[in-house]
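Worksheet: the structure to be examined is printed underneath.
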Amino acid sequence: MKREDVLRSTPYPMLIGGREVASVSGKTFATYDPSNGRKLADVCEAGPEDVDRAVAAAYDAFHGPWRDVLPKDRSRMLMKLARLLESKVEAMSWLECYDAGKPIAASRAWLNGAPGTLEYYAGILLGLAGETLDVSDRTLFDYTVREPLGVCGLIVPWNFPLSIALLKMAPALAAGNCVVVKPSEVTPLSTVELGTLVAEAGFPPGVVNIVNGPGDPVGMALVRDPRVAKISFTGGTVTGKKIFREAASTVKRLTLELGGKSASLVFADADLGKAVGVAYNDMVRNSGQVCGACTRLLLHESIADAFIEALAAKLRPLRIGLPDDPATEMGPLVSPVQLARVTDYLEIGRNEGANIESYSDPRSRPELAGGCYIAPTLIRGATNAMRVAREEIFGPVLTVIRFGSEEEAVRIANDSSYGLAACVFTSDASRAMRMTRSLSAGTVCVNTGVRSSVDAPFGGFRESGLGKERGKEALLDDTQIKNVRYGLA
Ligand code: NDP
């Protein structure tokens, strides 16, 4: 679909109290196509009074009509939203192709799965229940009830805009909460379009609200608002820590899905073809802008050279190109800011003494010169002490480290302030089981890459975050337990 077929010509509005509205100030900001730097659309920018209106609408809906909606009716609304979204997947895929620079084939593949997020929570919410407790006092009948939290502020990043918005919205609504969503100002368009489907799905006004604008002040206003009971945030660890600190003053519930520097451990007895395929995918998928990607490639010294050769051979013919070309396998990074960040890290690696090896030169191609393109790059000869091995780079870049023994591999993998995920490639089942015990990360994958799905919990250890997204855990994290003690005597 062409740009003019999917883009609005008027500013993208906010959704407050069931209505598409402009900001009180009338202010707008622009979004840009990262493949050519051209302006795509104007978007209404929330000021403090708009965030206040959105939170008030969510608060009133929670204490009004939404509270009495039966679980089976919440489930039906989520299913209806899934069907409506399904009919828009093609348009949404193109919107994210232009707004986030995603190759259209990949964008379509990711968003085809998006209705499934709503369906999963529509299903499991029907099993949400408390317990009766056989307490040690016969004068009491004691039970627990799982209640919603109230208003949830959902702060969404730019790497998978609609998918992550849904991963936060679906469990929050399934649990009976109302939400105020803040998409990234870099990629707000698909989330605004999702908002147009909410009323048709049957959600009462105010249950879902969307405010656009920069993280600070718009997202931060949600974090500070005492009427907001929970913040669910996905993004960088630096911003996550700021939110953690600010949320303390109103003791908010938090789900933080932060950065990663996950390790992939490839042993000499591994299926090298498979492990190379996963490393390739971790570089190329979404141009490496994936929190769960294994960006530290730990190779046993006996197979390291052959591995790098095979990976380089796969990377050389990679089709880097314009996102709207169906043949494109890797597009640009999301923004000039992200391009500058990744480029800086390559310079840091060089200064730290590592070898920087790129496998193509997209910036020399005139048709890509105006976009945020960067070549897939390996940082070789690295040690785990280097910044390029310790900090998240978030681009098509892997840091390669060699190891000699199993113990050394585990020590390097766990020596990180992050703990989001890890992968192990080996044909020795005992070693694989030892690794699943020894590796300190929220997801450990054996002989496969980190592939998250809505029905399994995902969330990191240490500075990779708090709580879980996906799975039944995300639904439970959006509830609180009330204990009822009924006096019988
Ligand atoms: P941020 O963490 O700053 O942004 C993520 C979301 O938080 C966006 O919606 C952003 O809004 C919002 N935000 C930013 N600052 C605040 C704040 N003070 N209070 C409330 N909300 C805020 O990520 P960046 O875009 O700056 O990227 C930095 C790094 O973070 C990347 O290089 C990458 O390493 C990591 N990252 C990790 C992601 C993941 O999936 N875990 C996703 C994205 C980034 P807005 O964009 O409108 O400013």
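The values are calculated or read from the model by the stated rules, or taken from the named source; none is laboratory data. Bear in mind that the values here come from a model prediction, so they are computed numbers and not experimental data. Cβ placement follows ideal geometry from the backbone for every residue including glycine, while neighbour counts extend to all protein chains displayed. With ligands, DNA and RNA removed, areas are computed over all heavy atoms of the protein, side chains included. Shrake-Rupley method; radii C 1.70, N 1.55, O 1.52, S 1.80 Å.
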* To do: Rank LEU439, ALA263, GLY331 by how far each Cα sits towards the positive end of the charge dipole of region 263-454 (+1 on Lys, Arg Cβ; -1 on Asp, Glu Cβ) and give me just the farthest.
  => LEU439
* **Nearest 10 degrees, 0 to 90: helix 89-100 Cα axis against the chain principal axis** => 60 degrees
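So what is the accessible area of the chain per residue, in Å², with the probe set to 1.4 Å? Each step should come with its number before you reach the end.
Working: 19440 Å² over 489 residues.
Result: 40 Å² per residue.
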* Kindly provide the trypsin sites (Lys or Arg not before Pro) of region 269-377 that DSSP labels as loop, not H, G, I, E or B, and whose Cβ sees at most 15 other Cβ atoms within 10 Å. => ARG319
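Compare SER249, SER438, SER232 by solvent-accessible area with a 1.4 Å probe and give them largest first, with all protein chains kept in place. If you can, show how the numbers build up before the last one.
Values: SER249 95, SER438 50, SER232 10 Å².
In descending accessible area the options line up as SER249, SER438, SER232.
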* Could you check how much of the accessible area of the chain is carbon and sulfur, as a whole percent, using a 1.4 Å probe? => 53 percent
* Asked: Using a ≥ b ≥ c from the Cα gyration tensor of the chain (square roots of the eigenvalues), is it rounded, prolate or oblate, where a/c under 1.5 gives rounded and otherwise the larger of a/b and b/c decides, a/b for prolate?
  -> oblate
* Filter the cross-link list LYS88/LYS274; LYS2/LYS261; LYS182/LYS261; LYS72/LYS468 down to pairs whose alpha-carbon distance in this structure exceeds 30 Å. => LYS88/LYS274; LYS2/LYS261
* Structure fact -> In degrees, nearest 10, the alpha-carbon axis of helix 71-86 is tilted away from the dominant principal axis of the alpha carbons of the chain by 40 degrees
* Mind jotting down the distance between the C-alpha centroids of region 98-131 and region 13-39, whole Å? => 24 Å
* Asked: Using the scaling law 2.2 N^0.38 Å as the reference, what is the normalised Cα Rg of region 263-454?
  -> 0.99
* **Probe 1.4 Å - accessible area at ILE155, Å² to nearest ten** => 10 Å²
* Folded to 0 to 90 degrees: helix 161-174 orientation relative to the chain principal axis, Cα -> 30 degrees
* Asked: PRE reach from VAL251 (point 7 Å along Cα→Cβ): which of region 462-477 fall under 13 Å by backbone N?
  -> none
* Asked: For region 6-156, what is the relative contact order in percent, using Cα pairs closer than 8 Å and at least 6 residues apart in sequence?
  -> 20 percent
* For region 204-242 and region 421-489, distance of Cα centres in Å -> 24 Å
